[in-house]
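Data first, discussion second: the structure below is written as structure tokens.
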Amino acid sequence: MKRLVLILITFHLSLFTTEAQDELNDPRLEGLELEYHGETTTKPATGKASVYLDLTYFRLFASHEKGWLGGDGVYTTTLPDGNSFWSFGDSFFGLSTEFRNNGRPTNLPRNAGMIQTGEDSWRDFVVLNEYCSTDPNNTNLYYKGKTWLKHPGSRFTQAQMNNGENENDHFLWPGDGVVIKRDGKPILQLLWGAIHGEMVGDGRLVAEYSLEGKPGDPGYMKLLRLVDSKGNNVTNASPDYWPSNYGSGVIEGDDGHIYLYGSIGTSYGLGAIAIVARTQQFDLTSTWEYYIKSGTGEWVWQTAVPTTAEMQRSAISKNSNMSDEWISNPSVFKYGKYYYMCTQNMLDSPIYIFQSSRPWGPFLNRKELYTIPKEHSVTYNCFIHPQLSRTGELVISYNMNPVDLITYTKKADGTAEEHSTNGFARNFNAWGSSDLYQPHFIRVFGWQNLFRIKNTGPTTDVGIEIYNQME
């Protein structure tokens, strides 16, 4: 009987493995190391949809030996030269030990930027932050980083930055970005969230960077200006911000607008809903218009910054009963004639996808793609990277913070004593900590079957397609 059971189990696993590998037969996937996770949580009526862990992209970041060692945020923008721009929020810099931990001196700049030029190794990612020192004899500052873009109102001095100290009073976290053309020259526009104190958001600013030349050239990714909502070049602590609720995700429309997605907490205090604004011109520094549902139920685009009550009644994420759906940091892409929103509905939740026929919604027909392993708690910042798709699959990243670690020791009387290590503190000193504060990547094949649409090829960054059509 035992032998029969073993044969049956082996046969079952053989069928499972063969079925799971069907998506990997495409030669366009060559060079990627993918690990089969399973089918999507929501099953399509016909065909199948499968989730794979992208170990290649995880290791492109988790393999860093010095300099940038990990971070969150993880936005990407396709550039005209074929490279990709990556931005990060809080990022660990320093030197990883042979045990892959951050036990040697490290620091935590509040933002970071990179230019990706290939997919072979972490060396294909050009870090834009300056280092405090690259002298191996200066062990206290060796490859510690400086914040890439400093908050104009920060009291953090240049001397403190050079000394590898962490900026805590006022700082900037990146949002999404677009590429525009002005006077015939390519410019990257990047949204920034101004933060103070215990993660209190002040509002949005827009930074503009030159894309002339190539990575490594003095003028490439040079900051041209930091702009507020009045068009002023920000040089002081009190700019006129755009509202912080918008800009966690953007998509360039083929109607001449840029759409900015965000969220607002519900009026009843639980969860958040998706909201949207747009620019009047194809330029993030042009006037913003906000899509608002009036008190009489009419939807309008208004230039006046909406009140909290106006935003709370203007959800664009809906369920089948047209009730509001919770979301967190919506990330939107276009495929064929439809728009899709990837998101979690709160920290640690599964990853969902919605569909809409218009960039301003409503986004409906929610499907559950992936239940994140509990070991990855706390998870957040689920973002789509359309330019990384090869065969039509979705490429999605998410961030994680380690959970608090509970350990026990035996006391002299024989009873157990409980010890708790703060989860975030584990990023600094735990064995393997260099691999904890990292983006994780999944690829979802056959997701089109969830919406009964055809796979017409790789997802693409519509922004660069629109840019290439500009005069």
Checking Ile372 against (1) out of contact with any Gly (no Cβ under 7 Å at 6 or more places or on another chain); (2) closer than 20 Å to Leu270 by Cα: exactly one of these is not met. Which one?
(2)
Yes or no: Ser377 touching a residue at least 12 places away in the same chain (Cβ under 8 Å), of a type in the set (Gly, Ala, Ser) and touching a Cys at 6+ places or on another chain (Cβ under 8 Å)?
no
Right, Thr285: out of contact with any Pro (no Cβ under 7 Å at 6 or more places or on another chain), farther than 15 Å from Arg313 by Cβ and free of Cβ contacts under 8 Å to residues at least 40 places away in the same chain or not?
no
Could you say which residue among Thr134, Thr106 is assigned by TED's automatic domain parsing to the domain that holds Pro218, free of Cβ contacts under 8 Å to residues at least 60 places away in the same chain and hydroxyl-bearing (Ser, Thr, Tyr)?
Thr134
Name the pairs: first residue in segment 324-336 and closer than 14 Å to Ile396 by Cα, second residue of a type in the set (Val, Ile, Thr) and assigned to a strand (DSSP E or B), Cβ to Cβ under 6 Å, at least 6 apart or on different chains?
Pro330/Thr343; Ser331/Ile384; Val332/Ile251; Phe333/Ile384
Is it fair to say Thr391 is β-branched (Val, Ile, Thr), without any contact (Cβ under 8 Å) to a residue 24 or more places away in the chain and either farther than 29 Å from Leu260 by Cβ or in the same structural domain as Tyr52 (by TED's automatic domain parsing) (or both)?
no
I need the strands (runs of 3 or more DSSP E) fully contained in segment 26-145, keeping only those with at least 1 residues that are among the basic types (Lys, Arg).
66-78
Looking only at segment 238-258, filter to residues that are more than 21 Å from Thr307 (Cβ to Cβ) and within 24 Å of the chain's Cα centre (by Cα); which one of those is surrounded by the fewest Cβ atoms within 10 Å (Cβ to Cβ)?
Asp254
Taking segment 183-201 as the region of interest, how many residues are touching a residue at least 40 places away in the same chain (Cβ under 8 Å) and loosely packed, with under 15 Cβ neighbours inside 10 Å?
1
Out of (1) out of contact with any Leu (no Cβ under 9 Å at 6 or more places or on another chain); (2) within 30 Å of Asp202 (Cα to Cα); (3) of a type in the set (D, E, K, R), the one Arg100 does not meet is (2)
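Listed here are the residues, each with its yes/no results for (1) within 30 Å of Asn233 (Cβ to Cβ); (2) surrounded by fewer than 18 Cβ atoms within 10 Å (Cβ to Cβ).
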position: Pro306; (1), (2): yes, no
position: Asp324; (1), (2): no, no
position: Ser328; (1), (2): no, no
position: Gln344; (1), (2): no, no
position: Phe354; (1), (2): no, no
position: Arg358; (1), (2): no, yes
position: Lys374; (1), (2): no, yes
Confirm whether Thr235 is of a type in the set (Ser, Thr, Tyr), loosely packed, with under 13 Cβ neighbours inside 10 Å and over 25 Å from Cys382 (Cα atoms).
yes
State all residues of segment 374-393 that are more than 16 Å from Val444 (Cβ to Cβ) and over 17 Å from the mean Cα position of the chain (by Cα); if no residue qualifies, say none.
Lys374, Glu375
Apart from one, (1) buried (at least 21 other Cβ atoms within 10 Å of the Cβ); (2) of a type outside the set (Lys, Arg); (3) part of a loop (DSSP other than H, G, I, E, B); (4) out of contact with any Gly (no Cβ under 8 Å at 6 or more places or on another chain) all hold for Gly463; the odd one out is (3)
Determine whether Gln355 is closer than 27 Å to Thr371 by Cβ and modelled with pLDDT under 95.
no
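The values are calculated or read from the model by the stated rules, or taken from the named source; none is laboratory data. Bear in mind that the values here come from a model prediction, so they are computed numbers and not experimental data. Cβ sites come from the backbone with ideal geometry, for glycine too, and all protein chains shown count toward neighbours.
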